[in-house]
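Written out below as structure tokens is the structure these notes cover.
The values are calculated or read from the model by the stated rules, or taken from the named source; none is laboratory data. Because the structure is a prediction, the values reported are computed rather than measured. For neighbour counting, all protein chains shown are included, and Cβ atoms are generated from backbone atoms with ideal geometry for every residue, glycine included.
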Ligand SMILES: [Zn+2]
């Protein structure tokens, strides 16, 4: 029973997390309209960022709130069954995200995440950050 429901959950989440989710499409549409060109799902970069802006050296990940455990998000639930399995699995995802982000930043990329649950204003903000030429880089560098 537990196994079945876990598998069903996986299938559901996979569907939600499929490429071209709504926030991603919205972001792409806005950037395209602003005249920014980008590449999708670049496989030669750590973590295969969903959107890459080579000229700005910015990499954007579109993260599912459940799989990537969006902090404080109501969609970042923990299944009540197979608790240990899910804890380890989700922890692994979060750790992997952090490692990929670090690798990219070491390579000089600015990394942004857009969550599946992002509201329109959040997508607006992200769009603004992406098109800013310098601010994001210098800000992030000083955070270290
Ligand atoms: Zn979320």
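I need the full set of residues from the range 104-125 which are part of a helix (DSSP H, G or I) and more than 16 Å from the ligand (Cβ to nearest atom), in order please. Show your work before the answer.
Taking the range 104-125 as the starting set, the residues that turn out to be part of a helix (DSSP H, G or I) are 104-106, 120-125.
Listed by number, the residues that qualify are 104, 105, 106, 124.
Does the range 5-44 hold any residues that are closer than 30 Å to residue 85 by Cβ and either modelled with pLDDT of 80 or more or exposed (fewer than 11 other Cβ atoms within 10 Å of the Cβ) (or both), and which are they?
Restricting attention to the range 5-44, the residues satisfying the condition of being closer than 30 Å to residue 85 by Cβ are 5-24, 41, 43.
If the condition is that a residue be closer than 30 Å to residue 85 by Cβ and either modelled with pLDDT of 80 or more or exposed (fewer than 11 other Cβ atoms within 10 Å of the Cβ) (or both), then 7, 8, 11, 15, 18, 19, 20, 22, 23, 24, 43 are the ones that fit.
Need the failing condition index for residue 62 against (1) surrounded by 12 or more Cβ atoms within 10 Å (Cβ to Cβ); (2) within 16 Å of the ligand (Cβ to nearest atom); (3) touching a residue at least 60 places away in the same chain (Cβ under 8 Å), just the number.
Result: residue 62 fails condition (3) only.
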